[in-house]
Each structure stands twice: as structure tokens, then as C-alpha cells.
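Report on the structure given below.
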Amino acid sequence: MGQFIWAGQDYIGEPTPYHTKNSYLGHIDTAGFPKDSYYIIKAAWTDEPMVHLFPYWDFSPGQPIDVRVYTNMPKIELFLNGTSLGVKILNGGLTADWCVSYEPGELRAVAYDIGDNAVVESARKSFGDAADAVCEIEEIGELLFVTVTASDRDGNPVENANNRVYVSVENGELLGLDNGDSTDTEQYQGIDNKCLFNGKLLAIVRPFPGKDASVSARLCKKDIPVRKIELTSTGYDIKTKLYPADATYSDLHWRLTDVGGIDSHLGKIEVSPDSLSAKVLPSADGDVYVRCGVKNGREHLAFYTHIVKNITGFGQSFLSPYDFISGGLYSHSNVTLTNGNDRGVATPRDGESFVCFSGLDFGGYGSDEVEIGLFPLSRDPFTFEIWEGAPQNGSFLLDAFYDKGSIWNTYIDVKYKLPRRLRGVTDFSLVFRQKVHIKGFRFTKLAKAFEKLPASGNDGLYGDSYRVAGDAIEDIGNNVSILFNDMDFGDLGTDRISLCWRSRCEKNSMLTLIEDKTGEHRIMLELPGSEDYIDDVYDLGRKFFGNTSIRFLFLPGCNLDLKWVRFM
């Protein structure tokens, strides 16, 4: 019977997030300009045939653009430079979507009625840099509402123009300026200039009594912001072209992300000293999004542009749990999850839900300590479950207790100690029974090189005779080799080793082979017999630094049980 919308129009205050100045969830901005979402409301609540096509049409050549059409007609067809990109039958819906590779020209949507008659259309055209500011005046009561629009040299509206504009009034008073930008913190009143937002600016004028006021606008010639960054690529090398060419600013900011804007683990990006070009450094196969933005002299980014690169030939990628893993990188769940703050993920309010992260590579030693960023809506303490793998076929680890309360829109980091280390490539899941925003998590990388390492926790074991028994390797005989990789002694270094063993032989010869960046080093150790487990410390004869691999080779005549080793 009707529809209630909160809010129909943006209003000052109650910002979410807090770094903006106003609520911007309305369908009309504070300047009174309709947003794109305004037109889906119009499509739902008017019988007059209508169609609205967006976004504007000015991007990098070949850039994939999500194109959307709102209409109340049953069928819509999209054309790019006269070539049909397909027909969508809406079946009572109001929205049709395409993904279109950008090329300059005209994008046009034609809506048809049930008799296949074209009844209404909407078009977007490519445009150039802003060359003029055009004023359109609407008189309402005693005030003039003046819409200032940027146009290029051919008279086309420049729909992404963000130039600073000076407004002059004769025979009247300029009451205020607004562009509808919720991140623009300049005053509304007492000024005669402001930046365009989406190519528009509103000026409100009161004519002097008995006078006909005139209003004019001009573009600022000194403070010229970037309105478009055009990206082109050759292989993994990315170059930029800024529009307009004489823009005042060139403070470009680069990121390598996935489709959701989360930092990609498939590679890194190397930016040139002048920030005008960059190079993708791949590490694994998949699609990455090279994003380039500019601040235009402000504290926040004005916009991003992007180009998609497909990486091949580098193999499968795994996530490192020792780097921060955003909640938005979850692989699957038993329910539909929603986006959380700061690229996190949010669970539903009711019922049980799990969030699973696949393909975490913990390495051979692993970790049993995790820090998780949580923002629960409730202030009451609660428990949630931590699993290795997905709950339906994984292994339960811990009932985690949370009692840190709730601070609105703020993540609180909490650490948990798991009952055992997660090792190798595995999955990690969190199970909740209430609404919680999950920012992400990071595991503590344990100092394996200086830990007491159980003999059975090795990275490689082979030989003629041995038996694994719990933490120990027993009945070690002729030519048995035990390998430990990724032993990083850092700048501190090590020059001693502690071992725990027992043996029925009076003497056991063990050759310790330590390979570092300087080569392979051999240290012969003699382990005496003992009925019970004993431990002792041996001098290695020199210090070893940095990352090494260590192999213990037991020579003929050995008969020994090895329980653990530890470098000092």
C-alpha cells in the first residue's frame, strides 16, 4: 500500500562512517540532486514509461564497467555505439545489468512495451575535460536555485567534473553553495566558490527587492583537480594518463586487490618514484585489480580507477595466516553473510552460522595462537567455536569466550590459545550464534628455530630403520635422516644445540648438516648410551645466522630413541 524510506534525502549529522559530515543513505543528496538510486524508486512508483542508465561513460579503454538500467518497462536493450549488447526481459523486475568493456562513444538503453514498441530511452556519452560552467536557474518563491553544470568544448556535460567554481551574483545575495558531497567539509555559507561533485553545484540566491538578479559561474584556473586516471598496461607494467593534462595534483595512490577491494595475496605492486606508473609482481595465478586513486589535495581519496590483470604460470596460491587475513576473504559459509565494516564480514542475527577460510598455509611448524578482530552488536559475554576445517567435516578446537563488550562500529582484538598447533595447508572456521562483525584474524608466527621441537614434528624423515612413537622417533638405526626446514636464527644466531635421547648403545654417531647462505656445514656429535631419557647441550663450533635447513644423519651402528631437539 505504500513505502517508507529512511531517509529520502541526505541530511547533516548522524554520519556513518564517522569521517563524513552527514548521513548519505538518502536517494537525494543535500543539494537536492537525485542519486542513481532515486530512479529505482521512480520506476516502482510511476506509471509513466521511464528508463535510467548509469554510470557516466568515461573510463580507461577496455576497463570492465558494471552498467545498470532502471525501468518500469518489461524489456530493455543496451547499445554501445549502435551495436546491441543484448536484450533483457525483466519479468516484473526493475533492474537490468551488463558488464561492458569501455570504449569511447555512446551507451544507449532502449525500453520496449509488451508489444515490442520502443517507448523510452536513455543515453550516456563520452566527454572531454571541463571547459565551461553553465548556469540553469529555477525560481522558487523569493529565491533562485541555480544548478551549475560543467560542460566540455562540445557542450557535453562533464559528469565526473570536480573543478572548483567561482559564483558571481549581481543585484542579489549569494546565500550558500552545496555540491552534495558528504566528504566536503567546506562551509555552505560566506563563500563564493566550491568544488563540483559529479559535475554539479547548487547556488542559492536571494534577489535584491525590485531587482532582477543575474548569476554567472567560472572555472578556477589555478586549483585544477584530476577528474580521470586512464590506465593502460603492457604485460604487468601499468602506465597512467591524467585528465586534464594540466591538473594541479598527481599524488597517485596504488593498491593491488581482489574484486571486492581487499588486498590481493596473488602478488604485490611496485610503484615508480613519481607514482605515475607501477608494476605488478605476481606470485600466484588468478585475477587481480590494479587500483589507482588520487586525493586532489584533500585528506581522503577522491576516486579509484582500476584495470584487471590475469596472472598465469605461477601456480596455486595459499593464504599466509601470519599476515592479516580480512574477513571478506572467507571461502564459504552455511548461510548468506553480509559485508562487514572495513572489508570484514558479518554473520546473521539469528541461528548458527560458520565462516570458513580455505587454503591457509601454516608451514611445517605451525601456530596455536590467533588474534581475531570482532565487533559484536550485543554487550553481553558470549562464546563462539573455533574449528580446523569446516564444522560439518572438520575438527573442533576451542569454545572461545568473549567478554570485551561492544563499542559501536569498533573492532576489538582478542587473542586465543588453541589446544594444538595448526600445520601445513588447512582450513580455519569460526562458528557464531549471534550477529558479529569479523574484521579478520592473524596467527602468531612462532619462533620455530628456538623452540623445543619434537622429533616427530620434522619436515622430512627417511632411512633403513625407525619408528614414530608420539613425539619421539624410536629405534633409529642405520642411515636414518631427520630434516628440519625454515630454521630462521635471525641476527641473534645459534652456536649450541640441546638434545633429548636414550640409547642401548654405548656410542651413537650423529652427523649434523646445517645449510645456510654460505653453504653446507658438517658437525659430528657423539651421543652416549642411557637407559632413560637424558638431555645435554653440544657446542656447534661456530654461530649460524638467518634461515637454515638442518639435517640429522645417524651413521651405521646407531640404536637410539630421539625425543626432542632445541637450538640455543
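The values are calculated or read from the model by the stated rules, or taken from the named source; none is laboratory data. Everything numeric in this text was worked out from a predicted model, so none of it was measured. Glycine also receives a Cβ, built like all others from the backbone with ideal geometry; neighbour counts cover every protein chain displayed.
Key figures for this structure:
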quantity: Hits in segment 360-380 (condition: charged (D, E, K, R) and part of a strand (DSSP E or B)); calculated: 361, 368, 369, 371
quantity: Residue match in segment 5-19 (condition: over 31 Å from the mean Cα position of the chain (by Cα) and closer than 21 Å to residue 181 by Cα); calculated: no
quantity: Given (1) charged (D, E, K, R); (2) within 34 Å of the chain's Cα centre (by Cα); (3) buried (at least 16 other Cβ atoms within 10 Å of the Cβ), index of the condition residue 515 fails; calculated: (2)
quantity: Filtered residues of segment 279-297 (kept if charged (D, E, K, R) and either in a loop (DSSP other than H, G, I, E, B) or surrounded by fewer than 19 Cβ atoms within 10 Å (Cβ to Cβ) (or both)); calculated: 279, 285, 287, 295
quantity: Matching residues, segment 19-51, being touching a residue at least 40 places away in the same chain (Cβ under 8 Å) and either within 18 Å of residue 70 (Cβ to Cβ) or touching a Cys at 6+ places or on another chain (Cβ under 6 Å) (or both); calculated: 29, 33, 40, 43, 44, 45, 49, 50, 51
quantity: Residue count, segment 144-175 (criterion: within 23 Å of residue 206 (Cα to Cα), polar (S, T, N, Q) and surrounded by 15 or more Cβ atoms within 10 Å (Cβ to Cβ)); calculated: 2
quantity: Restricting segment 508-524 to residues that are without any contact (Cβ under 8 Å) to a residue 24 or more places away in the chain and assigned to a strand (DSSP E or B), the residue that is farthest from residue 540 (Cα to Cα); calculated: 519
quantity: Candidates 396, 357, 401 - the one that is crowded, with 19+ Cβ neighbours inside 10 Å and in a strand (DSSP E or B); calculated: 357
quantity: Those residues of segment 469-499 which are among the hydrophobic types (A, V, I, L, M, F, W, C) and under 47 Å from the mean Cα position of the chain (by Cα), in sequence order; calculated: 469, 472, 473, 482, 483, 484, 487, 489, 492, 497, 499
quantity: Where a residue in segment 261-278 is within 23 Å of residue 226 (Cβ to Cβ) and its partner, wherever it lies, is part of a loop (DSSP other than H, G, I, E, B), with Cβ under 8 Å and at least six apart; calculated: 274/250; 275/250; 275/251; 276/250; 278/272
quantity: Check on residue 417, of a type in the set (D, E, K, R) and either out of contact with any strand residue (DSSP E or B) (no Cβ under 8 Å at 6 or more places or on another chain) or surrounded by 13 or more Cβ atoms within 10 Å (Cβ to Cβ) (or both); calculated: no
quantity: Selection count where residues are in contact with a Ser or Thr (Cβ under 9 Å, 6 or more places away or on another chain) and more than 20 Å from residue 568 (Cα to Cα), scope segment 473-501; calculated: 7
quantity: Qualifying residue in segment 120-143 (condition: over 31 Å from the mean Cα position of the chain (by Cα), hydroxyl-bearing (Ser, Thr, Tyr), surrounded by 14 or more Cβ atoms within 10 Å (Cβ to Cβ) and assigned to a strand (DSSP E or B)); calculated: yes
quantity: Conditions (1) in contact with a strand residue (DSSP E or B) (Cβ under 9 Å, 6 or more places away or on another chain); (2) not assigned by TED's automatic domain parsing to the domain that holds residue 562: number failed by residue 460; calculated: (2)
quantity: Residue match in segment 51-65 (condition: at pLDDT 95 or above and touching a helix residue (DSSP H, G or I) at 6+ places or on another chain (Cβ under 7 Å)); calculated: yes
quantity: Residues satisfying the stated conditions in segment 298-330, i.e. among the acidic types (Asp, Glu) and either crowded, with 17+ Cβ neighbours inside 10 Å or free of Cβ contacts under 8 Å to residues at least 12 places away in the same chain (or both); calculated: 299
quantity: Selection count, segment 522-544, where residues are of a type outside the set (Gly, Ala, Ser), farther than 20 Å from residue 461 by Cα and surrounded by fewer than 16 Cβ atoms within 10 Å (Cβ to Cβ); calculated: 12
quantity: Any hit, segment 540-551, residues being in contact with a strand residue (DSSP E or B) (Cβ under 9 Å, 6 or more places away or on another chain) and outside any strand (DSSP E or B); calculated: yes
quantity: Test for residue 430: is it without any contact (Cβ under 8 Å) to a residue 24 or more places away in the chain and either part of a strand (DSSP E or B) or not assigned by TED's automatic domain parsing to the domain that holds residue 492 (or both); calculated: no
quantity: Segment 298-319, subset in contact with a Lys or Arg (Cβ under 9 Å, 6 or more places away or on another chain) and part of a loop (DSSP other than H, G, I, E, B), residue farthest from residue 428 (Cα to Cα); calculated: 302
quantity: Pick from segment 184-240, criterion small (Gly, Ala, Ser) and touching a residue at least 24 places away in the same chain (Cβ under 8 Å), ranking: nearest to residue 300 (Cα to Cα); calculated: 199
quantity: Selection from segment 392-404 of residues that are over 22 Å from residue 322 (Cβ atoms) and either modelled with pLDDT of 95 or more or within 23 Å of the chain's Cα centre (by Cα) (or both); calculated: 396, 399, 401, 402, 403, 404
quantity: Selection from segment 166-190 of residues that are within 42 Å of the chain's Cα centre (by Cα), part of a loop (DSSP other than H, G, I, E, B) and not β-branched (Val, Ile, Thr); calculated: 179, 180, 181, 182, 184, 186, 187, 188, 189, 190
quantity: Residue satisfying condition, being out of contact with any Cys (no Cβ under 8 Å at 6 or more places or on another chain) and not polar (S, T, N, Q), within set 65, 89; calculated: 89
